[in-house]
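*Asks:* Next up is a structure, given as structure tokens.
Just so it is clear, none of the values below were taken in a lab; they were calculated from the coordinates. As the structure is a prediction and not an experimental result, all values here were calculated from the model.
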Amino acid sequence: MREQNVETSQEITVLARGAGIVFVGTLFGLILKYIFQLIVARHLGAQLFGAFFLGVTIFSILERLSGLGLPNGIDHHLVFLAVNIFAVALAYGLILVVLKIPQEDRVVLDKIKMKLFTR
């Protein structure tokens, strides 16, 4: 029981250290972003600063929209592809077993199989 508490304590320490590093990194990034905005605003002026950040805002919105549905689409198409490959392999195996094709005649079927799998 004591050993499990020590392991859990060490895991919590590692987790807390990682969270602290992420927090400090995020805080540092926000500070740099604020300094960058101050420098850009001073050098560009109000009109160009507004145009610059309008472009940044449009880019940020498009970046968020570009990923919509992509992970779900990838999952769907990978599953669809796996099911099709399984069906072709099953059909190939059934043809070999049901028709009892001798080994020397399987060359033609192997060529067909290679055509199906290399689409």
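*Asks:* Residue by residue through segment 31-48, what is 3J(HN,Hα) from phi via Karplus (6.51 cos²θ - 1.76 cosθ + 1.60, θ = phi - 60°)? Round to whole Hz and write x for glycine and proline.
*Replies:* Result, rounded to whole Hz: 5, 4, 4, 5, 5, 4, 5, 4, 5, 5, 5, 5, 7, 8, x, 5, 5, 6.
*Asks:* Relative to the present Cα-Cα distance, how much length would full extension add between Ile85 and Leu32 at 0.36 nm per residue of separation?
*Replies:* Between Ile85 and Leu32, full extension yields 14.0 nm more.
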